[in-house]
Amino acid sequence: MPARPEDLPRLQAQRRVLIALVTAQILSGAGLAAGVTVGALLAQDMLGSTSLAGLVSALSIAGSALAAVAVGRISQGYGRRPGLAAGYLAGAAGSAGVVVAAIAGNSLLLFVAMFVYGAGTATNLQARYAGADLAAPGRRADAVSTVLVATTLGGVLGPNLAAPTGDLAHALGIPYLAGPFLLAGAAYAMATVVLAGWLRPDPLLLARALEAERTAAAHAQADGAGGRSRPTGGRRRPGVPAGALVMVFTQVVMVAIMTMTPVHMQDHGHGTAASGLVIAIHIGAMYLPSPLTGWLVDRFGPLRIAAASALVLLAAGIVAANAPGDSVALFAVALALLGLGWNLGLVAGTTIVTDAVPLATRARTQGLVDVSIAIAGATGGMASGLVVAASGFPLLAIGGGILALAIVPAVVAAARSR
C-alpha cells in the first residue's frame with residue numbers, strides 16, 4: 001500500500017513498466033545467450049582457425065561499450081522507451097548481419113555484424129536502470145533485481161534452443177552455427193516491439209514530470225511562507241564514482257576468473273560437459289539471487305552489500321585457487337560464489353549510482369558508467385589469459401579475489417562523503 005494517496009498513480013505506472021521490462025528481458029536474454037553460445041565457434045568455422053575466434057567476443061564487447069553511450073544519450077534526450085528500443089533493434093540488425101555473413105562466407109561482414117550485435121548486450125544491461133526510475137528510494141534495489149532476474153529465464157532458454165535453431169537453419173540452407181542468431185534476431189526484434197508498444201508511460205519522462213511537480217509545489221509553499229526554497233536535483237551528489245568502481249571491480253574479477261576456469265579444467269582432463277555444468281551454475285548464481293539481493297540492499301543499504309560483494313569474491317578466488325584439479329564440485333562452488341559476488345556488486349552499485357545522480361542527467365551518466373563496465377569486462381578477459389600463461393590459474397584466482405577488496409575503500413570513502 002502506498003504511504004500517501006498521491007503515490008498510487010506512480011505505483012500503478014511502475015507495475016506496468018516492470019511488466020514490459022520483464023517481458024523484454026526474457027526475450028533479450030534468449031537472444032543474448034543464443035548468440036554468445038556459438039559466436040566464437042562460428043568464427044572458428046568460417047576462418048578455419050582459432051587464432052581470430054576470440055576477436056568476435058572482443059568486437060561484441062566494443063560494440064556493447066559504444067551502444068551503452070548511445071542508449072544512454074537517447075534515453076536522456078527522449079526517454080527510456082526509444083533508447084532501449086533502438087538498442088534492441090540494433091541487436092536484431094547485428095544478428096541478421098551475422099546470418100548473412102555466414103551464408104556469404106564473409107568474415108569481414110561477420111566482424112562488423114558482431115560489433116553491432118553487441119548493442120543487444122548493452123541494452124539488456126541498461127534496462128535495469130529503467131526499472132528503478134519510478135521506484136521509491138527504499139525499493140530501487142528491488143526493482144533493479146526484478147529486471148535482472150528476468151534475464152535468467154531467457155538466458156537458460158537460449159542455449160537450449162541452439163540445437164533446434166541450428167537444425168532449422170540447416171533445413172533452410174543456412175550454416176548450422178548461424179541458427180542461434182536467427183533466434184537472437186527474432187528475440188531482439190520482439191523485445192523492440194514490446195518496449196515500443198508497452199513501455200508506457202515512459203518511466204524516465206514520468207519520473208522527471210513528477211519531480212518537476214514536487215519542486216514547483218515546494219517552491220510555491222516556500223513562497224507562500226515568505227521563505228526561500230533551496231534548489232534540488234541539478235547537482236550530482238556523492239556516490240557516482242563509488243558505485244561505478246564497485247561494478248567495475250566486480251566485472252573485472254568475475255570475467256577474468258570465469259573466462260579461464262573452463263580452460264583450467266580442460267587442462268586437468270575435464271570435458272566440455274563438466275565445464276558446461278560449472279558455467280551454468282555460475283550464470284544461475286549471477287542472476288537468480290537478484291530478488292534476495294534487492295531486498296538486502298533495500299534493507300541494509302547498498303554500501304554494506306557492496307562491501308559484502310568484495311568478501312564473497314575473495315572467497316570465490318580462494319576456493320578456485322585451492323580447488324584440486326579433479327574436483328568439479330569445488331570449481332562449481334567457486335564459480336557459484338563468483339556469480340553471487342557479481343550479483344551483489346551489480347545490484348548495490350546500480351542502486352548507489354541511481355541514488356546519486358539527479359534525474360536531469362541520470363540516463364547519460366548511467367550510460368557512461370556501463371561503458372566502464374564493458375571496458376572492465378574486456379580488460380579482465382584479455383588479461384586473464386596473460387596471467388595464467390605467465391603464473392598459472394591459482395595466482396589469477398587469488399589475485400582476482402584480492403583485487404575485489406579494492407571495493408572496500410571505495411565504499412568507505414562514499415560513506416564518509418555523505
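The values are calculated or read from the model by the stated rules, or taken from the named source; none is laboratory data. Remember, it's a predicted structure, so these values are computed and weren't measured experimentally. Reconstructed Cβ throughout: ideal geometry from the backbone, glycine too, with neighbour counts over all protein chains shown.
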Report task. Please go through segment 280-326 and pick out each residue that is in a loop (DSSP other than H, G, I, E, B) and modelled with pLDDT under 90. Result -> LEU288, GLY325, ASP326
Query - Members of segment 54-70 found to be farther than 15 Å from SER372 by Cβ, buried (at least 20 other Cβ atoms within 10 Å of the Cβ) and at pLDDT below 85, listed by number - result: VAL56, SER57, LEU59, SER60
**Report entry** Residues of segment 206-220 satisfying the condition of being basic (Lys, Arg) and surrounded by 14 or more Cβ atoms within 10 Å (Cβ to Cβ)
**Finding:** ARG208
